[in-house]
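Structure first, commentary second.
The values are calculated or read from the model by the stated rules, or taken from the named source; none is laboratory data. Computed from a prediction, not measured in an experiment: that's the story for all the values here. Quick reminder, even Gly has a Cβ in these numbers, built from the backbone with ideal geometry, and neighbours come from all protein chains shown.
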């Protein structure tokens, strides 16, 4: 099946959006990424990835509410689209297939 | 408490760069992050991170998209409301190139005019930059001071020297002095390379690039050390340091350490070090540095280093960092009181000159600030003239493009967009002009460097490659583009589309005060200012060269003479006397007019006190007066056998200063000079002693055979080609250990005015350029007038006007502009030139003829420039111009 290519960082961002459900926007995603993976993501990198994903149709977005700490600016909230969800599970399945093909204990270091 | 705010510049940058429809969310996220960072790390760190984050957003996706560089980078989200910038930009570019091509002649004229103007401006700015860079390259240049002494007699006489022990005292006794160095210039010396057998393999006559100096020289000044031990250099007597070029010159290699040179045929010097060649922007251009300790041996006077007498040696002082120069002045006053007796302390007044000002001090350096500023003004005027010309030509063209502008406006183009479009065109033209200007400047700089050979100038366009120069050059580029582009594009953008499409463009500005006309007035002003300057300077230089200096200068050959051998001198004059082609021969110290001069104190008529003024001494034998054609007014010439040196001649100024009215009264009075009584036997007419002196100075002519330094040979005209080699041959046979050098008095005197010559040359070239640029501007204006008034001319001709009457209209218009430009030019020109003329004792008067000539020349040039176009306009058949109405 023809599939849109997804970069590693894009995949992480997409997964993080899925984790955050309805509350996914730039800063929150960056923070969550940090918590989950331990890597500190540049906020502009997160934004760039979000826009790319939206172009690819894996994310949908709408403008949410404004808060005081944002200086009264609204946030753009992202949700994973059906295509995004399908791509993610496809990647996961493919990975599982690959792992299964390796067979148990091959890569686990022996004592 | 004020809520924390991220840095404003970062915010502004973000607003500027971020795609507008993404700005809200991006900025919101950044603010949120900033607040969190603020609580976690504080204001400073939060601001830093904020800025970094903003910079992170300068990436293709968020930034360049806004500028619209390319379709390929455009996102699909939400982009439908964006202006198609790239398309517009391409269109502007294409239209610009098409337009330039369609009006090739005008485009070439504007680019040429602009680039020639810019090139001359550039050359001037580079030259002034170079002249201002003198002596500034030393790391301590801000705190190095030159100490000089003024001798306070009747009229204070500035010198460039100090008493010999001063440097030592300053070094030893004043802790705020970091170091001080003494230095003695050698004005002429014979340097020989011994061949090891008592003779010399090579000999060179050097002047002005040899000095005696101390090891501290290398502590005070920067010089790059190439070979040898710097610490020990110049401390022992009879040692010397050479520049790399001179080591090559003397020994053919720069490995010269330990080799020997012979100074003036008597003192051997060992080379202990080699330095890199001095840079071209230094006044301390010494290629041979001889240790200061050599001096006492040379003069066989061991006590000379401690004598507080007349000032005799140059002295530079480097102060410790942070020391006020006033402390040095105090110290100098203190030293004067301490070491001099009361009378001398009143006579010798020491003062300081900052090293970086040395080059610009009137009387000490060759580039006084007023002249440099005047040059800068010339450069600015040329650039302005070039811009004005450019504006004129492009506005004249604008009228042809009114239809294009009208169509663009009808299609919804805004005024700002139109201005942007035409600014882009200007920028393309200016860019081309700047490239050409750089090339032109580089091509012409060798000529300028050649004219400044005595400074060893090496100016090049590459001098622009430092931060300071790039800065002003960048500003110049921007300024020229703005200046040249703003008005024409504003004019274009102003066209009323309805009127323009109906075929009546630019009708609004007619009849009112017109910017274009005032620009032409500016051009007339600049052109005429240049013409006035050239006329006055040419007349003055011609005057300097031809004015009667009070002595003859044609056909007199000056030949150097080694001092101190009376027998050889006699043989020399006898040989010359029998040589065909030689009319007369005189021996003496220097010609009547000379630059290097010190005045001497003297006593008159056995008075007990020395006179309050000093007298300038000219040494010469009994032939001195006739050979130089000095005029005797009373008494007689020096006796031919005046070997006892008992006679003297005085000039009129001397009588005047002494207060003696009758010339006969002074005869047979005694004068005591150099501790020797002499009787005044004759009075001579005043002659010009000093190329720039402001008045006739008192002078005396005496005979002093030991001080002969030159031979003045009056030659027959017509046989010089055969006589000159004969003289040289005879000289070389008589003085084999010396170098022959000779020159005509006339050339030497012209050399005194080399600064004026260079200045005049520059001004002449730049005036021609200014006039050419002015002509281009006039041509632009007359084209414009002929075109925009073609209907008026048509109607006039239909109603019966003759061609001459039509031409009169043009003439009247331009005449008015010319006169309007002339009035301020004459006022400013008169003011500037008369203050310049103040420098000269013998100067011309600025008469009315100068201004009449200026108007005449300008009118002639104007008529030549506008005639073709206006005659064409006047001859046009009215049917052609009125047909389409």
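Annotations
- The conditions of being modelled with pLDDT of 70 or more, buried (at least 17 other Cβ atoms within 10 Å of the Cβ) and out of contact with any strand residue (DSSP E or B) (no Cβ under 8 Å at 6 or more places or on another chain) are not met by residue B:161.
- For residue B:35, the criteria (1) within 11 Å of chain A (Cβ to nearest Cβ); (2) at pLDDT below 85; (3) crowded, with 16+ Cβ neighbours inside 10 Å hold in every case but one, which is (2).
- Count of segment B:768-787 residues which are touching a helix residue (DSSP H, G or I) at 6+ places or on another chain (Cβ under 6 Å) and surrounded by fewer than 23 Cβ atoms within 10 Å (Cβ to Cβ): 7
- Residue check, residue B:43 within 13 Å of chain A (Cβ to nearest Cβ) and either modelled with pLDDT of 85 or more or over 30 Å from residue B:773 (Cα atoms) (or both): no
- Here residue B:707 meets the list (1) in contact with a strand residue (DSSP E or B) (Cβ under 9 Å, 6 or more places away or on another chain); (2) surrounded by 20 or more Cβ atoms within 10 Å (Cβ to Cβ) almost entirely, failing just condition (2).
- Residue within segment A:104-111 that is closer than 24 Å to residue B:50 by Cβ and either at pLDDT below 90 or in a helix (DSSP H, G or I) (or both) present: no
- Listed by position, the helices (runs of 4 or more DSSP H) enclosed by segment A:1-99 that each have at least 2 residues that are within 13 Å of chain B (Cβ to nearest Cβ) are A:26-37, A:43-55.
- Matching residues, segment B:15-32, being surrounded by fewer than 20 Cβ atoms within 10 Å (Cβ to Cβ) and at the interface with another protein chain (Cβ under 7 Å from one of its Cβ atoms): B:24
- For segment B:225-236, a tally of residues being in a loop (DSSP other than H, G, I, E, B) and crowded, with 16+ Cβ neighbours inside 10 Å returns 3.
- If the condition is being more than 15 Å from residue B:32 (Cβ to Cβ) and loosely packed, with under 14 Cβ neighbours inside 10 Å, then segment A:64-84 contributes only A:82.
- Each residue in segment B:648-671 was checked for being closer than 16 Å to residue B:610 by Cβ and in a helix (DSSP H, G or I), and 3 pass.
- Pair list, Cβ < 8 Å and 6+ apart or interchain, from segment B:733-747 residues that are over 25 Å from residue B:594 (Cα atoms) to residues that are part of a loop (DSSP other than H, G, I, E, B) and at pLDDT 75 or above: B:737/B:265
- Some residue of segment B:839-849 being under 28 Å from residue B:514 (Cα atoms) and part of a helix (DSSP H, G or I): no
- Test result for residue B:585, in a helix (DSSP H, G or I) and either touching a residue at least 40 places away in the same chain (Cβ under 8 Å) or under 27 Å from residue B:208 (Cβ atoms) (or both): no
- Looking only at segment B:812-839, and only at residues there that are over 19 Å from residue B:530 (Cβ atoms) and at pLDDT below 85, the one that is farthest from the chain's Cα centre (by Cα): B:813
- Residues that are assigned to a helix (DSSP H, G or I) and touching a residue at least 12 places away in the same chain (Cβ under 8 Å), drawn from segment B:865-878: B:865, B:866, B:869, B:870, B:871, B:872, B:873, B:874, B:875, B:878
- Residues that are in contact with a helix residue (DSSP H, G or I) (Cβ under 6 Å, 6 or more places away or on another chain), touching a residue at least 60 places away in the same chain (Cβ under 8 Å) and farther than 30 Å from residue B:326 by Cα number at least 1 in the following strands (runs of 3 or more DSSP E) confined to segment B:111-224: B:189-194.
- Any hit, segment B:270-291, residues being surrounded by fewer than 21 Cβ atoms within 10 Å (Cβ to Cβ) and in a helix (DSSP H, G or I): no
- Verdict on residue B:783 being over 27 Å from residue B:532 (Cβ atoms) and outside any loop (DSSP other than H, G, I, E, B): yes
- When each of A:55, A:11, A:90 is tested for being free of Cβ contacts under 8 Å to residues at least 60 places away in the same chain and surrounded by fewer than 22 Cβ atoms within 10 Å (Cβ to Cβ), the lone residue that passes is A:55.
- Number of residues in segment B:542-572 that are surrounded by fewer than 19 Cβ atoms within 10 Å (Cβ to Cβ) and part of a helix (DSSP H, G or I) equals 9.
- Test: residue in segment B:497-512 that is modelled with pLDDT of 75 or more and buried (at least 20 other Cβ atoms within 10 Å of the Cβ): no
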